[in-house]
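The values are calculated or read from the model by the stated rules, or taken from the named source; none is laboratory data. Note that this is a predicted model, so its numbers are computed, not measured. Glycine also receives a Cβ, built like all others from the backbone with ideal geometry; neighbour counts cover every protein chain displayed.
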There are 2 protein chains.
Amino acid sequence: MSELSSLSRRRFLQSAGVAAAAVALAPHARGQDTSQKKIGYAIVGLGRFGAGQLLRSLPECKLARPAALVSGSPDKAKQLAQKYGIKESSIYNYENFDRVADNADVDVVYVVLPNSMHHEYTIRAAKAGKHVFCEKPMANTVKECEEMIAACKAANKKLAIGYRLRYEPTHMRAIEIVQKQEFGRPRVIESVHAFNIGPNEWRTDKKLAGGGPVMDLGIYCINACRYLSGEEPVQVNAITYQPKDDPRFTTTEAQMVFNMKFPSGLLAYCSTSYAHHGANRFHMMAERAEIVMNPAFSYGGLKLTVRGGGGDKGGPIETPQINQFCAEMDHLAECIRDNKDPRTPGEEGLRDMKVIEKLYESAQSGKTVEVA
Amino acid sequence: MSELSSLSRRRFLQSAGVAAAAVALAPHARGQDTSQKKIGYAIVGLGRFGAGQLLRSLPECKLARPAALVSGSPDKAKQLAQKYGIKESSIYNYENFDRVADNADVDVVYVVLPNSMHHEYTIRAAKAGKHVFCEKPMANTVKECEEMIAACKAANKKLAIGYRLRYEPTHMRAIEIVQKQEFGRPRVIESVHAFNIGPNEWRTDKKLAGGGPVMDLGIYCINACRYLSGEEPVQVNAITYQPKDDPRFTTTEAQMVFNMKFPSGLLAYCSTSYAHHGANRFHMMAERAEIVMNPAFSYGGLKLTVRGGGGDKGGPIETPQINQFCAEMDHLAECIRDNKDPRTPGEEGLRDMKVIEKLYESAQSGKTVEVA
């Protein structure tokens with residue numbers, strides 16, 4: 001807890017959810033309506049996702065703004081800092097990252113590193129007195145997830161996991177249709193998320209990625225089955241395939257198919273692969289219709305359709321297209337502002353990781369496995 | 001073999017594949033080109049499928065014709081016999097069915113009874129000296145399938161199983177695309193076949209049906225995975241669900257999800273259900289494209305599409321729409337005429353039944369099961 005002592009009064013009050021009237025006393029907030037003050041994000045990891053999606057989106061956000069960068073490439077970081085109006089003093093590298101504790105401009109640290117580094121950087125960020133947004137998969141193991149949750153709790157900081165689709169209107173409408181049983185009880189859900197991965201990607205290095213495509217892609221299928229149904233799987237099984245002749249897959253499987261059973265009797269059958277043409281979708285088969293989203297997991301252009309349903313109830317369902325990254329970052333900003341719990345907290349990442357560990361257990365043991 | 005002694009010389013010569021010149025000596029063939037003579041089918045079981053599809057189609061066939069009816073409803077049989085130009089003396093019931101041995105007008109017995117009766121009627125037909133077309137699933141157990149194959153072999157009669165889609169141009173084109181690897185290696189296949197079943201159907205009575213939806217519907221998914229890939233599964237697993245509050249499912253599961261692994265590393269994930277909105281399709285995901293058929297298992301209107309593939313190679317693929325029942329019945333007629341082996345012999349039904357038995361073994365044991 002020693003890191004907390006370095007927090008400014010403003011930061012403490014804000015993170016503790018003290019009323020805006022009190023926060024308005026902080027020098028930083030002078031001359032503006034503090035209820036509208038944007039939450040500062042530090043982006044840790046400036047790769048395709050961190051720079052190309054999150055940082056690029058921040059200027060469009062309503063409640064979030066770019067505040068700091070953490071990178072191993074100083075030139076890249078400097079260039080991006082200039083582009084996004086970030087002070088040079090708010091550029092960190094992986095060694096001096098902990099100094100972010102002294103940066104009152106930073107409210108949230110967004111961890112966009114290889115999976116194996118999520119655990120370390122989430123805990124370091126929490127110890128630096130920052131809220132944490134961590135990409136999915138939350139970590140490489142259930143144990144790591146639990147430690148991350150504990151660290152953020154101990155620091156009295158919020159922890160959100162990057163399940164961007166939980167803030168996306170097409171998915172929110174699909175959840176509503178399924179859970180209100182607009183077309184009867186949900187019975188079976190199919191979901192796939194796959195693409196052809198290039199050579200030399202960290203995502204195919206088990207040490208860095210924690211596993212194969214289920215960590216990065218299949219997790220969308222698992223999460224979708226869970227949030228669409230509102231249920232937790234009780235039983236899973238899986239079969240994997242690791243080719244012997246493909247240099248991309250020397251440490252992980254190339255693909256996995258798996259089944260899940262839910263308490264209501266809902267069954268799921270899913271697939272994830274790094275070795276075939278891109279596919280990302282779900283089919284929720286209910287008593288009187290199929291609710292189909294295809295694509296379902298892309299950054300935009302999601303299409304929701306009801307097949308069947310009787311009369312004029314079928315057909316495409318229009319939903320607003322939004323910036324998914326702003327939606328999730330604005331959500332955590334709002335939670336910080338209003339001291340609410342995020343919709344996708346650490347516990348949500350932990351639940352998926354528990355399922356993934358059981359899928360690997362099943363693939364390795366050749367047994368259908370109970371999920372506690 | 002005693003039933004064989006009652007065969008006419010013509011029938012013996014024909015079934016033994018003797019040259020048309022010899023067959024032309026038979027009195028029955030006088031005054032017509034025997035190479036064009038149609039093969040007479042007896043339809044055993046005049047339900048929705050036997051009467052509504054097979055019998056209805058026979059007048060349209062090129063090489064097959066309606067020759068006899070076997071039914072427990074004399075009035076229905078008489079009415080249908082009149083409609084289809086079948087002699088009243090060629091109407092049988094389940095007791096006197098074996099007299100078909102004396103009916104030279106009948107070349108093939110097509111067994112369209114509940115699954116549990118396939119074994120008995122196939123063997124009785126073979127003993128009556130008739131070729132057999134038997135609906136899928138071939139029987140309730142592997143053991144029954146083996147006995148049926150042995151009986152037809154002992155009687156020197158052909159045995160074909162009703163896999164109508166193996167004679168259908170859309171499926172034949174899909175097989176070609178996949179096996180020629182027009183879009184690279186096949187990696188993962190998804191398939192579902194399901195619908196909402198009505199109350200009091202024999203197909204939900206385990207004694208009659210041998211199991212749940214996998215017997216009647218899931219078998220299409222299994223068969224499609226096998227014929228598209230040209231491979232046999234080596235590993236399978238399954239999870240089933242039998243609701244406690246649905247009177248349709250007192251003796252069988254309502255649905256099953258299952259995975260299969262093939263020697264090349266191809267993985268399959270499939271679902272079959274009697275408890276949700278109709279769905280029948282497959283997605284064969286290959287390296288450079290998805291080959292999609294939706295619907296895939298209907299009696300007509302099948303739609304084949306390539307998603308991806310690069311350049312102008314994607315999009316819908318046109319194939320001729322045909323009468324699937326004529327295609328299969330004409331095929332066996334041609335095999336009889338030319339003494340060839342049918343494309344979907346008893347061994348094909350046996351292979352699917354072996355997979356189905358392993359799926360049930362997996363669902364019951366909670367283990368991934370090797371398929372010999």
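Give the residues of the stretch A:34-56 that are among the polar types (S, T, N, Q) and either surrounded by 21 or more Cβ atoms within 10 Å (Cβ to Cβ) or at pLDDT below 95 (or both), sorted by residue number. Working first, answer last.
Start the filter on the stretch A:34-56 by keeping residues that are among the polar types (S, T, N, Q), which leaves A:34-36, A:53.
If the condition is that a residue be among the polar types (S, T, N, Q) and either surrounded by 21 or more Cβ atoms within 10 Å (Cβ to Cβ) or at pLDDT below 95 (or both), then A:Thr34, A:Ser35, A:Gln36 are the ones that fit.
Restricting to the stretch A:273-300, count the residues that are within 29 Å of A:Thr204 (Cα to Cα), more than 9 Å from chain B (Cβ to nearest Cβ) and in contact with a helix residue (DSSP H, G or I) (Cβ under 8 Å, 6 or more places away or on another chain).
Selection size over the stretch A:273-300: 8.
Of all the residues that make up the stretch B:188-210, how many are in contact with a Phe, Trp or Tyr (Cβ under 9 Å, 6 or more places away or on another chain) and surrounded by fewer than 24 Cβ atoms within 10 Å (Cβ to Cβ)?
Residues of the stretch B:188-210 that are in contact with a Phe, Trp or Tyr (Cβ under 9 Å, 6 or more places away or on another chain), as a first pass: B:188-197, B:201, B:203-204, B:208-209.
Next, from what is left, pick out any that are surrounded by fewer than 24 Cβ atoms within 10 Å (Cβ to Cβ): B:195-197, B:201, B:203, B:208-209.
Adding up the residues that qualify gives 7.
Looking at the structure I just gave you, is A:Tyr163 in contact with a His (Cβ under 6 Å, 6 or more places away or on another chain), buried (at least 17 other Cβ atoms within 10 Å of the Cβ) and closer than 19 Å to A:Met293 by Cα?
Details: in contact with a His (Cβ under 6 Å, 6 or more places away or on another chain): no; buried (at least 17 other Cβ atoms within 10 Å of the Cβ): yes; closer than 19 Å to A:Met293 by Cα: yes.
Considered against the rule, which asks whether it is in contact with a His (Cβ under 6 Å, 6 or more places away or on another chain), buried (at least 17 other Cβ atoms within 10 Å of the Cβ) and closer than 19 Å to A:Met293 by Cα, A:Tyr163 comes out as no.
For residues that are crowded, with 23+ Cβ neighbours inside 10 Å and small (Gly, Ala, Ser), scanning just the stretch A:259-272, find the one that is nearest to the other protein chains (Cβ to nearest Cβ). Walk me through it before giving the result.
So the first thing to find is which residues in the stretch A:259-272 are crowded, with 23+ Cβ neighbours inside 10 Å, and the list is A:259-260, A:266-272.
Next cut, small (Gly, Ala, Ser) only: A:268, A:271.
Values: A:Ala268: 7, A:Ser271: 5 Å.
Selected residue: A:Ser271.
From the residues in the stretch B:242-257 that are more than 7 Å from chain A (Cβ to nearest Cβ) and hydrophobic (A, V, I, L, M, F, W, C), which one is surrounded by the most Cβ atoms within 10 Å (Cβ to Cβ)?
Looking only at the stretch B:242-257, we keep the residues that are more than 7 Å from chain A (Cβ to nearest Cβ), and these are B:242, B:244-254, B:256.
From what is left, the residues that are hydrophobic (A, V, I, L, M, F, W, C) are B:249, B:254, B:256.
Working: B:Phe249: 21, B:Ala254: 25, B:Met256: 30.
My answer is B:Met256.
So which residues in the stretch A:36-54 are part of a loop (DSSP other than H, G, I, E, B) and in contact with an Asp or Glu (Cβ under 8 Å, 6 or more places away or on another chain), if there are any at all?
A:Phe49
On the given criteria, is B:Arg248 within 29 Å of A:Phe195 (Cα to Cα), of a type in the set (D, E, K, R) and outside any loop (DSSP other than H, G, I, E, B)? Write out each step before concluding.
Values: within 29 Å of A:Phe195 (Cα to Cα): no; of a type in the set (D, E, K, R): yes; outside any loop (DSSP other than H, G, I, E, B): yes.
Here the answer is no, as B:Arg248 does not meet what is asked.
Looking at the stretch B:118-143, which of its residues are crowded, with 19+ Cβ neighbours inside 10 Å and free of Cβ contacts under 8 Å to residues at least 40 places away in the same chain?
Listed by number, the residues that qualify are B:His118, B:His119, B:Thr122, B:Ile123, B:Arg124, B:Ala126, B:Val132.
Mind checking whether some residue in the stretch B:191-199 is hydrophobic (A, V, I, L, M, F, W, C), in the same structural domain as B:Tyr110 (by TED's automatic domain parsing) and either free of Cβ contacts under 8 Å to residues at least 24 places away in the same chain or part of a strand (DSSP E or B) (or both)?
Taking the stretch B:191-199 as the starting set, the residues that turn out to be hydrophobic (A, V, I, L, M, F, W, C) are B:192, B:194-195, B:197.
Filter again for in the same structural domain as B:Tyr110 (by TED's automatic domain parsing), leaving none.
So far as the stretch B:191-199 goes, no, none of its residues is hydrophobic (A, V, I, L, M, F, W, C), in the same structural domain as B:Tyr110 (by TED's automatic domain parsing) and either free of Cβ contacts under 8 Å to residues at least 24 places away in the same chain or part of a strand (DSSP E or B) (or both).
Can you confirm whether the stretch A:88-109 contains a residue that is surrounded by fewer than 21 Cβ atoms within 10 Å (Cβ to Cβ), assigned to a loop (DSSP other than H, G, I, E, B) and among the aromatic types (Phe, Trp, Tyr)?
Yes: the stretch A:88-109 contains one or more residues that are surrounded by fewer than 21 Cβ atoms within 10 Å (Cβ to Cβ), assigned to a loop (DSSP other than H, G, I, E, B) and among the aromatic types (Phe, Trp, Tyr).
Determine whether B:Glu318 is touching a residue at least 40 places away in the same chain (Cβ under 8 Å) and of a type in the set (Asp, Glu). Give the steps one after another, and end with the answer.
Values: touching a residue at least 40 places away in the same chain (Cβ under 8 Å): no; of a type in the set (Asp, Glu): yes.
Criteria not met by B:Glu318.
Kindly evaluate B:Phe249 against the criterion of being of a type in the set (Phe, Trp, Tyr), in contact with a Cys (Cβ under 8 Å, 6 or more places away or on another chain) and outside the structural domain of B:His119 (by TED's automatic domain parsing). Give the steps one after another, and end with the answer.
On the way: of a type in the set (Phe, Trp, Tyr): yes; in contact with a Cys (Cβ under 8 Å, 6 or more places away or on another chain): no; outside the structural domain of B:His119 (by TED's automatic domain parsing): yes.
Judged against the criteria, B:Phe249 is not a match.
Taking B:Leu304 as the residue in question, decide whether it is touching a strand residue (DSSP E or B) at 6+ places or on another chain (Cβ under 8 Å) and either away from chain A (no Cβ under 14 Å) or at pLDDT 95 or above (or both). Lay out the reasoning, then the answer.
Working: touching a strand residue (DSSP E or B) at 6+ places or on another chain (Cβ under 8 Å): yes; either away from chain A (no Cβ under 14 Å) or at pLDDT 95 or above (or both): yes.
For B:Leu304, the condition - touching a strand residue (DSSP E or B) at 6+ places or on another chain (Cβ under 8 Å) and either away from chain A (no Cβ under 14 Å) or at pLDDT 95 or above (or both) - is met.
Within the group A:His283, A:His276, which residue is under 30 Å from A:Pro243 (Cα atoms) and touching a Pro at 6+ places or on another chain (Cβ under 9 Å)? Reasoning before the result, please.
Values: A:His283 fails: touching a Pro at 6+ places or on another chain (Cβ under 9 Å).
Matching residue, one of A:His283, A:His276: A:His276.
If you take the residues in the stretch B:229-241 that are free of Cβ contacts under 8 Å to residues at least 60 places away in the same chain and more than 8 Å from chain A (Cβ to nearest Cβ), which one is farthest from A:Ala238 (Cα to Cα)? Full working, then the answer.
Keep residues of the stretch B:229-241 that are free of Cβ contacts under 8 Å to residues at least 60 places away in the same chain, which gives B:229-231, B:241.
Narrowing the set further to residues that are more than 8 Å from chain A (Cβ to nearest Cβ) leaves B:229-231.
Details: B:Ser229: 21, B:Gly230: 23, B:Glu231: 20 Å.
If we take residues in the stretch B:229-241 being free of Cβ contacts under 8 Å to residues at least 60 places away in the same chain and more than 8 Å from chain A (Cβ to nearest Cβ), then B:Gly230 is farthest from A:Ala238 (Cα to Cα).
For the stretch A:303-339, what are the residues that are basic (Lys, Arg) and loosely packed, with under 15 Cβ neighbours inside 10 Å?
Within the stretch A:303-339, the subset basic (Lys, Arg) is A:303, A:307, A:313, A:337.
Listed by number, the list holds a single entry, A:Lys313.
Which is hydroxyl-bearing (Ser, Thr, Tyr) and farther than 25 Å from B:Leu267 by Cβ, of A:Tyr299, A:Tyr360, A:Tyr269, A:Tyr274? Explain how you work it out, then say what you get.
Numbers: A:Tyr360 fails: farther than 25 Å from B:Leu267 by Cβ; A:Tyr269 fails: farther than 25 Å from B:Leu267 by Cβ; A:Tyr274 fails: farther than 25 Å from B:Leu267 by Cβ.
Answer to the selection: A:Tyr299.
Give me a count of the residues in the stretch A:175-224 that are within 13 Å of chain B (Cβ to nearest Cβ), more than 18 Å from A:Gln242 (Cβ to Cβ) and of a type in the set (Gly, Ala, Ser).
2
Report the residue count in the stretch B:205-229 for those that are more than 28 Å from A:Leu359 (Cα to Cα) and assigned to a loop (DSSP other than H, G, I, E, B).
Let us first name the residues in the stretch B:205-229 that are more than 28 Å from A:Leu359 (Cα to Cα), namely B:205-210, B:216, B:227.
Within this subset, residues satisfying the condition of being assigned to a loop (DSSP other than H, G, I, E, B) are B:205, B:210.
The number of residues fulfilling the criteria is 2.
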